[in-house]
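Report on the structure given below.
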Amino acid sequence: MSKTLQAIKGMNDILPGSVTRKDKLPDSALWHWFESTVRSVLARYGYQYILTPIVEPTALFVRGLGEVTDIVEKEMYSFTDSMNGDQLTLRPEATAGIVRAMVEHNALYNGPLRLWTLGAMFRHERPQKGRYRQFHQLDVEALGFAGPDVDAELILLVRRLWKELGLVEGDHVRLELNSLGQPAERAAHRAALIAHFEAHAELLDEDAKRRLHSNPLRILDTKNPAMQAMVEAAPKLMDFLGEETLAHFNAVRAILDAAGLEYRVNTRLVRGMDYYNLTVFEWVTDHLGSQGTVCGGGRYDGLIEQLGGKSAPAVGFGLGIERLLLLIQELGLPVPSGAADAYAVIPDAAALPQVLPVLEALRAEGVAVQMHAGGGNMKSQFKKADASGARYALVFGADELSQGQVTLKPLREAGEQSLQPLADVKHWAGLLRGPAGNA
Ligand code: ATP
Ligand code: MG
């Protein structure tokens, strides 16, 4: 026998709940429910759907994200196209591709755009809970808006999503907010930062030494305990921010305050990509260990021009779907099962020509009906009905059928079973229809 093939480490199958899996990754019903909730929420804010390729020229990410970022330095899946020698990369994030597409299609010519997408991203990281090599993001971008109103809109949109998913803001997820200022302010801060680090050169580790002149801001992100005190005492960007920047930041805060949204200003929040300026934010949780950032984003006013477009401001965020669904699972929040409303028990296959039109009529009424297939007696079919998670069994037994009827039997809740007329599906279909959003 040949050796069985396995998925690449850190790249997961998303499977129906009926498949028992060793890891505890969320099942496809949860994904489905998340996606339909997202679609509904994004529509209510006027965001439009976009899909861009999963493979892009490597140069897009090097130019877009910055050469001295974790992603570009060590996390990208890059390869040479064997057909023509092009340097290509599996997208590690969505913003650069969306901006590339908008520039390429001159899409901002007619005004600003609100966009969203959802899909797989690839980063060569050490796989662990909440960190994978293929993972999925919801990505939302508002292009051509200078803010601060749209900055706040994006944050409030995420809060709306939390509400609809049953997450309690402040308890399950918290907002952290910062301003990264404008390039000139960052340059002044950067110079002060380098001076500070140079004055403490003996404390710097290899990573920090390498980044001292290329990306000193990222040194603030260090997890090295020996550097914590020194990093703590470093000059704060907040002290270098000018009037306009502070006005922008305060305007975002004022909208969030008025909306009753609590947040923490975290002056250490820097984010992993170089393209950010002004507002940056993260939604974090304490329930996922060290993979606690569920959603992160901010303003990137320079990126569109940097990627060859006419200068235009923009803001957006990425949300890690695996982390979010793990969190929902961990908290034990109520989620749809993905089961059908009803399971059709059909003990005699000869009855199928009579039964199938009834099932079709139910589906036309919006009822999710799973038909038993593969034969078996009444008892074994009932077992399947139970295991399917359906709320009702529809029993098309010989007795019922001879009277032009079907038995509705509740499987999950207490309740009387009833006989219903086959010819009049419209009148009883409503009994079967599950709560909206059942995947
Ligand atoms: P981290 O600090 O955890 O590595 P990041 O700053 O690299 O996160 P972003 O690039 O901001 O993450 O991506 C946005 C979101 O995507 C993250 O907040 C997280 O929820 C999710 N995410 C990022 N990398 C991974 C990964 N390797 N596996 C699963 N989810 C991820
Ligand atoms: Mg990362």
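The values are calculated or read from the model by the stated rules, or taken from the named source; none is laboratory data. This one's a predicted model, so the numbers in the text were calculated from it and none came from an experiment. FYI the Cβ positions are ideal-geometry reconstructions off the backbone, even for glycines, and counts take in every protein chain you see. With ligands, DNA and RNA removed, areas are computed over all heavy atoms of the protein, side chains included. Shrake-Rupley method; radii C 1.70, N 1.55, O 1.52, S 1.80 Å.
Observations on the structure shown:
- Elements of type strands (runs of 3 or more DSSP E) contained in segment 348-439, each with 3 or more residues being more than 33 Å from the chain's Cα centre (by Cα): 392-395, 405-410, 418-421
- Residues that are at pLDDT 90 or above and hydroxyl-bearing (Ser, Thr, Tyr) within segment 214-268 comprise 245, 263, listed in sequence order.
- Number of residues in segment 222-252 that are touching a Pro at 6+ places or on another chain (Cβ under 7 Å) and either open to solvent by 60 Å² or more (accessible area, probe 1.4 Å) or hydroxyl-bearing (Ser, Thr, Tyr) (or both): the value is 0.
- Exclusive hit being buried (at least 19 other Cβ atoms within 10 Å of the Cβ), on the phi > 0 side of the Ramachandran plot and within 16 Å of ligand 2 (Cβ to nearest atom), set 66, 147: 66
- Test: residue in segment 205-212 that is modelled with pLDDT of 95 or more and in contact with a Phe, Trp or Tyr (Cβ under 9 Å, 6 or more places away or on another chain): no
- Exactly one residue among 67, 35 is under 30 Å from residue 222 (Cβ atoms) and not aromatic (Phe, Trp, Tyr), and that residue is 67.
- Members of segment 158-195 found to be touching a helix residue (DSSP H, G or I) at 6+ places or on another chain (Cβ under 9 Å), surrounded by 17 or more Cβ atoms within 10 Å (Cβ to Cβ) and outside any helix (DSSP H, G or I), listed by number: 167, 169, 172, 173, 175, 177, 178, 179, 180, 181, 182
- Set 219, 155: member being open to solvent by less than 20 Å² (accessible area, probe 1.4 Å) and farther than 21 Å from residue 65 by Cβ: 155
- Test set (1) part of a helix (DSSP H, G or I); (2) closer than 30 Å to residue 293 by Cα; (3) open to solvent by 50 Å² or more (accessible area, probe 1.4 Å) - residue 335 fails condition number: (1)
- Of the residues making up segment 7-24, those that are surrounded by 11 or more Cβ atoms within 10 Å (Cβ to Cβ) and under 27 Å from residue 387 (Cβ atoms) are 12, 14, 15, 16, 17, 18, 21.
- The set of residues in segment 299-320 being within 15 Å of ligand 2 (Cβ to nearest atom) and either of a type in the set (D, E, K, R) or open to solvent by less than 10 Å² (accessible area, probe 1.4 Å) (or both) consists of 317, 319.
- Hey, residue 90 on the phi < 0 side of the Ramachandran plot, among the aliphatic types (A, V, I, L, M), without any contact (Cβ under 8 Å) to a residue 40 or more places away in the chain and within 16 Å of ligand 1 (Cβ to nearest atom) or not: yes
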